[in-house]
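Let me begin by presenting the structure, written as structure tokens, before commenting on it.
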Amino acid sequence: MAAQQRAWMGRRNFILGVALVTAGVAATGGVAFAGTGGGASGGGVTAPKPPTVRDVSCLESCAGLRKATPGATVEISGKRLKAVDKVKFPSTGGGSTVEPTEVSSRNVEAKVPDDAEDGKPRVLDEFGEVAKSPVKLRIVPESELPEPGSFRLAESSVSPEKSYFFGDGKPTLHYIFNGNGPTDVRVDLVSESSAEVVESWTEEGVEPGAEQTVAWNGVTSEGKSAKSGEYSFRLGGLGDSLANVGRFGYYDHKFPIRGKHTYGDGVGAPRAGHTHQGQDVFADCGTPLEAARGGKVQFNGYHGAAGYYVVIDGRKTGRDYVYMHLKRKSEFGKGDRVKTGEQIGQVGETGNASGCHLHFEIWSPPGWYEGGNFLPSVTKQMKKWDRWS
């Protein structure tokens, strides 16, 4: 009853909002105004987009990827699922409805009710919107569950041990298992800090005795870039308990100087006629310099003060990363794409520099001398990258 009341209230509020906007248009000669605070103005009203479902799969007590027993846990995947508060399974009575056990914007988990039958589950959200799975879920008796031990891990490894956003080498799980025949396999990727599953894969009919691989692109199941930290792969036969089979580090930036170094002046250090806008890091001339964050080269040139310098527009950040006093001009031209960790030059002493060092700046959106500002946090950021690189 509470769910029905919430759905009714959501629809009522939407209808009232539309009525208010319509009244505002009539009162202003056909122009609707969005309020900016104060008064009775409520701004524009937009109907929420309905959820969509693309797949359903079994997670626990499974006889296959889409074969579940009563009481099994299934996962419904799609988009705009955050407001889902009911899952309806086909049954002899026309449908059996349960509340989900886990909900996110892209995944909903629920227990299969005892009276469920073969068919396509539906999700219902608090606004009364309904979405139906395009694929069927089969309901089978417990006698069809695979025998324990049908999946026996033979060997596994993860490479590389450390990866970076938009860098070379995606974190990849390699594994071989023994079994009686083709087996449905599930792999979860888990954050070590939060213990949350950030992505998962299910493969049907995987052959035993042959090496299998699963690669991760650094994006969570909700389509967001993953946070820096330690992660682990967990692996097992579909419906079995998953075992931890390998850890790795995944990070959003890499420290740019690839050799021994010491920190010099930071932001605000006294300079004749200007403010020091970055962090100086000293290293031997010729020490390799790599992109702290991959992206697109925005500038590559020479300046009397900066010497040879490169500016990279950081991918998915809106920030610009500035490298000055390079030994020679970088081989990358304007518009070139650079990966995180890719070498862009060498530490030098060109321009107005005393000693071989990198002068490094980070600029807020929209960028370097494009309306952005240099970030005083550059030193803190670099020392954080230095610890994990």
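The values are calculated or read from the model by the stated rules, or taken from the named source; none is laboratory data. These numbers come from a predicted model, not from an experiment. Note that we place each Cβ from the backbone using ideal geometry, even for glycine, and neighbour counts take in every protein chain shown.
Residues of segment 288-305 being surrounded by 22 or more Cβ atoms within 10 Å (Cβ to Cβ) and outside any strand (DSSP E or B), which ones?
If the condition is that a residue be surrounded by 22 or more Cβ atoms within 10 Å (Cβ to Cβ) and outside any strand (DSSP E or B), then Ala291, Ala292, Arg293, Gly294 are the ones that fit.
What do you reckon, is Ser143 in a strand (DSSP E or B) and exposed (fewer than 15 other Cβ atoms within 10 Å of the Cβ)?
no
What number of residues within segment 108-130 are part of a loop (DSSP other than H, G, I, E, B) and closer than 20 Å to Gly239 by Cα?
Adding up the residues that qualify gives 6.
Please give the number of the condition Ala272 fails out of (1) aliphatic (A, V, I, L, M); (2) buried (at least 17 other Cβ atoms within 10 Å of the Cβ); (3) over 13 Å from Leu173 (Cα atoms).
(2)
Is it the case that some residue within segment 342-362 is among the β-branched types (Val, Ile, Thr), assigned by TED's automatic domain parsing to the domain that holds Gln279, surrounded by 15 or more Cβ atoms within 10 Å (Cβ to Cβ) and in a loop (DSSP other than H, G, I, E, B)?
Yes, the conditions are met somewhere in segment 342-362.
Strands (runs of 3 or more DSSP E) wholly in segment 186-286 with at least 2 residues that are of a type outside the set (Phe, Trp, Tyr) and touching a helix residue (DSSP H, G or I) at 6+ places or on another chain (Cβ under 8 Å) - which ones?
279-282
Restricting attention to segment 116-126, does a residue exist that is touching a residue at least 60 places away in the same chain (Cβ under 8 Å), β-branched (Val, Ile, Thr) and not assigned by TED's automatic domain parsing to the domain that holds Gly237?
For segment 116-126, residues touching a residue at least 60 places away in the same chain (Cβ under 8 Å), β-branched (Val, Ile, Thr) and not assigned by TED's automatic domain parsing to the domain that holds Gly237: present.
Would you pick out the residues in segment 75-111 that are more than 18 Å from Ser57 (Cα to Cα) and of a type in the set (Val, Ile, Thr)?
Thr92
Residue-by-condition table, conditions (1) in a strand (DSSP E or B); (2) at pLDDT 95 or above:
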site: Arg6; (1), (2): no, no
site: Arg11; (1), (2): no, no
site: Ala26; (1), (2): no, no
site: Val31; (1), (2): no, no
site: Gly43; (1), (2): no, no
site: Val53; (1), (2): yes, yes
site: Lys88; (1), (2): yes, yes
site: Pro100; (1), (2): no, yes
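Among the candidates Leu238, Leu242, which residue alone is surrounded by fewer than 21 Cβ atoms within 10 Å (Cβ to Cβ), farther than 30 Å from Lys384 by Cβ and of a type in the set (A, V, I, L, M)? Reasoning before the result, please.
Working: Leu238 fails: surrounded by fewer than 21 Cβ atoms within 10 Å (Cβ to Cβ).
Just one listed residue meets the conditions, Leu242.
Could you give every pair whose Cβ atoms fall below 6 Å, whose first residue belongs to segment 267-279 and is closer than 16 Å to Leu375 by Cα, and whose second residue is in a strand (DSSP E or B) and at pLDDT 90 or above, counting only separations of at least 6 or pairs across chains?
So the pair list comes out as Gln277/Glu361; Gln277/Phe374; Gly278/His359; Gly278/Phe360; Gly278/Glu361; Gln279/Phe360.
Please list, ordered by first then second residue, the pairs with beta carbon atoms under 7 Å, 6 or more apart or interchain, first in segment 153-172 and closer than 19 Å to Thr317 by Cβ, second at pLDDT below 95 and in a strand (DSSP E or B).
Taking only residues 6 or more apart or on different chains, the pairs are Phe165/Ser225.
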